[in-house]
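J.: Please find one structure pasted underneath; my questions will follow.
The values are calculated or read from the model by the stated rules, or taken from the named source; none is laboratory data. Fair warning: this is a prediction, and the values are worked out from it, not measured in the lab. Here the Cβ positions follow ideal geometry from the backbone for every residue, glycine too, while neighbour counts run over all protein chains shown.
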Amino acid sequence: MKALKIILIVIIALVVVVFGISFIMPTKMHAERSIIIKASKASIFNNVKTYANIKKWSPWVEKDPNATYTIEGTDGTVGATWKWDGNKDVGKGEQTFTKIEDLKSTESSIHFIKPWEGHATSYVTLADTAGGVQVVWGFNSEMSRPWNVMGLFMNMDKAIGSDFEKGLGKLKDLSEKESASGTGGPSVIKEMSIEPKTYVGIKKTMTFDKITSFFAEYYPQLFADLQKSGIQLAGAPAGLYYAYDQTKMTTLVAAVAPVMNPKTKIGKWETFNVKGGKAVELDYYGGYQNLGKAHQQINAYLAEKKLKSVAPVIEEYLSDPMSEKDTAKWLTKIYYLVE
């Protein structure tokens, strides 16, 4: 009995000590690492705003090649969730985007399921700095009392800091290679509804290699005539693609500008009325020579979703190549009307 009492006293004493330490030890855990990347913000952000691209540089993916990953919702948007299930090094859990600020930051909530239950938040920020773009990757979590005493034996910053450094290094390599090649890589396809628009421009059939010179010839004339006529623009210049012939390598395309419903004909220019409705959209960052890859991505999506496109295909050119020399920053919005 005396020995049992001693054991009980020791156990009680340990419990008291543990609880006492738990009120001294912090309950909040934080880890953060940063790196300078010599690439455009567009290339970098494209790799941190979607789970499909995060998978390319995540330090944990290579720890279990047999792990399973699924994406629920529209990747690259708030509410999209990435679920994983792997070995003891990867565990099981899910991560959900809670905030996305274009070219600036993302925030996510994380739910760990195995090997232990837990919750955390993660964030990535981008900021211009000397020598490139500073990318900060951070992690915040809480451990309730008395479990926070585990902090005596485990330093969260050291535990995941090296993984963060490895992941940021891979992100740097990926983004700098993409930026150097003039493409920000594939983006996310979104389903949406677009409003009807009226355009003014000129339409011709030509071979694919003549498209750039076609736009370069007619856009200056078009904008000059619109300005003289006092017509108000309603958006960025665009290309309307009505037909493709892959055998002859030709397309029927219009170089146009959206306008506020002109009442009279403007010189030699035609008026094009494009109906609104259901559409799929992709934001593409990169040089125009790589736009074909974006169209291939959309066509694969349409085939998978069993959607039929309706002419014309719309390309909106939101960047001015004369003022922005970094092709990786050129943004083209591509819309396919579907039924």
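J.: Somewhere in the range 19-30, is a residue of a type in the set (K, R), touching a strand residue (DSSP E or B) at 6+ places or on another chain (Cβ under 9 Å), over 15 Å from Y123 (Cα atoms) and modelled with pLDDT under 80?
T.: Within the range 19-30, the first condition is being of a type in the set (K, R), and the residues that meet it are 28.
Pick out the ones that are also touching a strand residue (DSSP E or B) at 6+ places or on another chain (Cβ under 9 Å) and you get 28.
Still in the list and also over 15 Å from Y123 (Cα atoms): 28.
Checking which are modelled with pLDDT under 80 leaves us with 28.
Yes - at least one qualifying residue is present in the range 19-30.
J.: Please work out which residue is nearest to the chain's Cα centre (by Cα), limiting yourself to the range 233-282 and to residues that are modelled with pLDDT under 95 and among the basic types (K, R).
T.: K275
J.: Pull up the range 251-291, narrow it to residues that are without any contact (Cβ under 8 Å) to a residue 60 or more places away in the chain and touching a helix residue (DSSP H, G or I) at 6+ places or on another chain (Cβ under 9 Å), then point me to the one that is surrounded by the most Cβ atoms within 10 Å (Cβ to Cβ).
T.: V256
J.: Do we have K306 as basic (K, R), loosely packed, with under 13 Cβ neighbours inside 10 Å and without any contact (Cβ under 8 Å) to a residue 40 or more places away in the chain here?
T.: Values: basic (K, R): yes; loosely packed, with under 13 Cβ neighbours inside 10 Å: yes; without any contact (Cβ under 8 Å) to a residue 40 or more places away in the chain: yes.
Spelling it out, K306 is indeed basic (K, R), loosely packed, with under 13 Cβ neighbours inside 10 Å and without any contact (Cβ under 8 Å) to a residue 40 or more places away in the chain.
J.: A follow-up question, please. Please state which one of G131, G138 is at positive phi and not acidic (D, E). Steps first, please.
T.: On the way: G138 fails: at positive phi.
Result of the check over G131, G138: G131.
J.: Filter the range 280-314 for residues that are closer than 22 Å to K41 by Cα and part of a strand (DSSP E or B) and give the result.
T.: The answer is E281, L282, D283, Y284, Y285, G286.
J.: Another one. Being surrounded by 14 or more Cβ atoms within 10 Å (Cβ to Cβ), under 30 Å from the mean Cα position of the chain (by Cα) and in the same structural domain as P312 (by TED's automatic domain parsing), is that true of even one residue in the range 215-222? It would help to see each step written out before you state the result.
T.: First pass over the range 215-222, keeping only residues surrounded by 14 or more Cβ atoms within 10 Å (Cβ to Cβ): 215, 218-219, 221-222.
Those still in the list that are under 30 Å from the mean Cα position of the chain (by Cα) too: 215.
Going one step further and asking which of them are in the same structural domain as P312 (by TED's automatic domain parsing), we end up with 215.
Yes, that holds for at least one residue.
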